[in-house]
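Enquirer: Okay, here's the structure, questions in a sec.
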There are 2 protein chains.
Amino acid sequence: MIAKDKKTRGARRSSCPVAGTLDIVGDRWSLLIVRDMRHGKRTYGELAASPEGIPTNILADRLRRLEEAGIVTRDAYQEHPPRYEYTLTEKGRDLGDIMQALVRWGKKHIPGSRTLSEAAAAREKSKN
Amino acid sequence: MIAKDKKTRGARRSSCPVAGTLDIVGDRWSLLIVRDMRHGKRTYGELAASPEGIPTNILADRLRRLEEAGIVTRDAYQEHPPRYEYTLTEKGRDLGDIMQALVRWGKKHIPGSRTLSEAAAAREKSKN
């Protein structure tokens with residue numbers, strides 16, 4: 001599996017736009033990184049602190065792939081030691097439609113689902 | 001990675017509906033199987049013949065997972081030897097929105113993308 005994945009990385013499986021999109025973001029983590037960036041997270045540290053506990057080696061790998069795919073850009077905000085911030089490109093922001101469709105399906109079909117914003121609002125309310 | 005996947009199979013990473021949906025269909029193959037079923041494919045043999053060349057062990061695994069998740073149902077259409085056909089449930093048909101969003105993003109951002117229907121129409125046209 002891993003060897004196969006390495007071999008096919010970057011190769012398109014077909015001209016189908018569903019397959020092509022999944023070649024780029026069809027894994028358990030990439031769209032969670034995009035979700036967090038849509039919520040304003042920009043640094044490696046912020047992205048590493050997702051509630052799903054993304055392993056840091058996977059985060060580094062996916063950020064590199066997303067940058068290669070033109071979905072995020074990386075800019076240095078500090079030189080010593082080097083620190084970067086990540087921003088969604090237009091191509092990355094366009095993943096919003098897919099994200100909204102994932103949210104709708106999850107909320108309809110997975111009991112107990114609530115978005116990060118809803119969870120934050122609930123926490124805030126329970127404090128008062 | 002494989003051990004990790006086995007360990008976390010079935011466990012939800014968070015209450016986020018994006019994460020929950022990706023826990024179920026967030027891989028390079030599941031939504032391609034759903035795509036083919038939306039185009040009328042119902043048997044293992046038909047699904048194995050996708051243009052992306054899905055490995056048969058992965059097809060069998062994903063069909064089992066999709067059945068466990070209530071996205072497809074499996075019915076025997078022949079007893080000796082046993083043969084099954086697969087049908088999308090309502091929950092499975094509801095993945096259509098996600099599929100359409102993947103299509104739109106792919107057609108906009110991946111040069112040369114065309115849907116299977118468009119590819120078939122082009123082949124037909126070139127014959128005449």
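The values are calculated or read from the model by the stated rules, or taken from the named source; none is laboratory data. What you are looking at is a predicted structure, and each value in this text was computed from that prediction instead of being measured. Backbone-built Cβ (ideal geometry, glycine too); neighbour counts: all protein chains shown. Remember, those area values only see protein heavy atoms, side chains included, never the ligands or the DNA or RNA. Shrake-Rupley method; radii C 1.70, N 1.55, O 1.52, S 1.80 Å.
Enquirer: Could you please give the count of residues in segment A:23-80 that are in a helix (DSSP H, G or I) and among the acidic types (Asp, Glu)?
Expert: Final tally of qualifying residues: 6.
Enquirer: Next question. Within segment A:97-121, which residues are out of contact with any helix residue (DSSP H, G or I) (no Cβ under 6 Å at 6 or more places or on another chain) and aromatic (Phe, Trp, Tyr)?
Expert: If the condition is that a residue be out of contact with any helix residue (DSSP H, G or I) (no Cβ under 6 Å at 6 or more places or on another chain) and aromatic (Phe, Trp, Tyr), then no residue fits.
Enquirer: I'm told A:GLU52 meets every condition in (1) open to solvent by less than 50 Å² (accessible area, probe 1.4 Å); (2) within 8 Å of chain B (Cβ to nearest Cβ); (3) within 25 Å of B:ILE33 (Cα to Cα) except one. Can you identify the failing condition by its number?
Expert: (3)
Enquirer: Taking the condition open to solvent by less than 50 Å² (accessible area, probe 1.4 Å) and of a type outside the set (Ser, Thr, Tyr), does B:HIS39 pass?
Expert: Answer is no for this residue.
Enquirer: So which residues in segment A:81-98 are assigned to a loop (DSSP other than H, G, I, E, B) and of a type in the set (Ser, Thr, Tyr)?
Expert: The one that is assigned to a loop (DSSP other than H, G, I, E, B) and of a type in the set (Ser, Thr, Tyr): A:THR89.
Enquirer: Now, a different point. Assess whether B:THR8 counts as being at pLDDT below 95 and polar (S, T, N, Q).
Expert: For B:THR8, the condition - at pLDDT below 95 and polar (S, T, N, Q) - is met.
Enquirer: Collect the residues in segment A:93-128 that are open to solvent by 40 Å² or more (accessible area, probe 1.4 Å), facing chain B (nearest Cβ under 7 Å) and within 23 Å of A:GLY45 (Cα to Cα), keeping them in residue-number order.
Expert: A:LEU116
Enquirer: Let me ask something else about it. Filter segment B:63-92 for residues that are of a type in the set (Asp, Glu) and more than 17 Å from B:GLY40 (Cβ to Cβ) and give the result.
Expert: B:GLU67, B:GLU68, B:GLU79, B:GLU90
Enquirer: Just name the residue that is least open to solvent (accessible area, probe 1.4 Å) out of those in segment A:68-92 that are within 18 Å of A:VAL25 (Cβ to Cβ) and free of Cβ contacts under 8 Å to residues at least 12 places away in the same chain.
Expert: A:GLU90
Enquirer: Among (1) over 20 Å from A:ALA48 (Cα atoms); (2) of a type in the set (Val, Ile, Thr); (3) in contact with an Asp or Glu (Cβ under 9 Å, 6 or more places away or on another chain), which single condition is A:THR87 missing?
Expert: Going through the list (1) over 20 Å from A:ALA48 (Cα atoms); (2) of a type in the set (Val, Ile, Thr); (3) in contact with an Asp or Glu (Cβ under 9 Å, 6 or more places away or on another chain), A:THR87 breaks only (1).
Enquirer: With the checklist (1) closer than 22 Å to A:CYS16 by Cβ; (2) surrounded by 20 or more Cβ atoms within 10 Å (Cβ to Cβ); (3) without any contact (Cβ under 8 Å) to a residue 40 or more places away in the chain in hand, flag the one item B:ALA19 doesn't pass.
Expert: (1)
Enquirer: Looking at B:THR56, B:THR73, B:THR89, can you tell me which residue is closer than 24 Å to A:SER14 by Cα and β-branched (Val, Ile, Thr)?
Expert: B:THR56
Enquirer: Among (1) over 22 Å from B:THR89 (Cβ atoms); (2) at the interface with chain A (Cβ under 8 Å from one of its Cβ atoms); (3) at pLDDT 90 or above, which single condition is B:ASP27 missing?
Expert: Here B:ASP27 meets the rest and fails (1).
Enquirer: Output the residues belonging to segment B:99-125 that are small (Gly, Ala, Ser) and not in a helix (DSSP H, G or I).
Expert: Those that are small (Gly, Ala, Ser) and not in a helix (DSSP H, G or I): B:GLY112, B:SER113.
Enquirer: When you look at A:ALA11, is it more than 30 Å from B:GLU52 (Cα to Cα), small (Gly, Ala, Ser) and more than 9 Å from chain B (Cβ to nearest Cβ), yes or no?
Expert: no
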